Ligand code: SF4
Ligand code: SF4
């Protein structure tokens with residue numbers, strides 16, 4: 001079935017661990033439980049599909065340590081293993 005919904009959505013959630021102090025604010029404010037924690041308490045992406053790109057986590061982060069790339073953003077995504085590597 002083709003996706004025809006125009007719901008706001010995130011293409012990526014970038015967490016900059018060097019800037020992050022694991023305060024948990026972003027996780028607490030996320031209304032869609034898109035963020036979870038790793039064993040050290042740092043935020044991780046728990047479910048990118050549920051993220052609505054509401055930006056609450058970005059707005060509440062005191063350390064500018066989290067970034068939402070919206071589906072409409074034209075920022076180049078970091079290439080992973082699709083980049084010609086075998
Ligand atoms: S943009 Fe909104 S829904 Fe997505 S991770 Fe941040 S708070 Fe959660
Ligand atoms: S609010 Fe910012 S500093 Fe706090 S856990 Fe989230 S990303 Fe890290």
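Laboratory data are not the source of any read-out in this text; all were calculated from the coordinates shown. All figures in this text were calculated on a predicted structure; none of them were measured in a lab. No Cβ is skipped: glycine too gets one built from the backbone with ideal geometry, and neighbour counts run over all protein chains shown.
For a quick check: sort 16, 42 by the number of other beta carbons within 10 angstrom, fewest at the front.
If I rank by nearby Cβ atoms, fewest first, I get 16, 42.
One-quarter of the Cα convex hull surface for segment 10-70, in nm²?
If I average the Cα hull's projected area over directions, I get 3.4 nm².
Got a sec? How would 56, 48, 35, 40 order by Cβ neighbour count within 10 Å, fewest to most?
By the 10 Å Cβ count, ascending, the order reads 40, 48, 56, 35.
What's the extension gain from residue 64 to residue 32 if we count 0.36 nm per residue and subtract their Cα-Cα distance?
Extending this stretch completely gives an extra 9.5 nm.
Can you sort 52, 72 by how many other beta carbons sit within 10 Å, fewest first?
Sorted ascending by nearby Cβ count, the order is 72, 52.
If I take every Cα pair under 8 Å that is 6 or more residues apart in segment 10-70, average their sequence separation and divide by the length, what percent do I get for the relative contact order?
RCO, segment 10-70: 47 percent.
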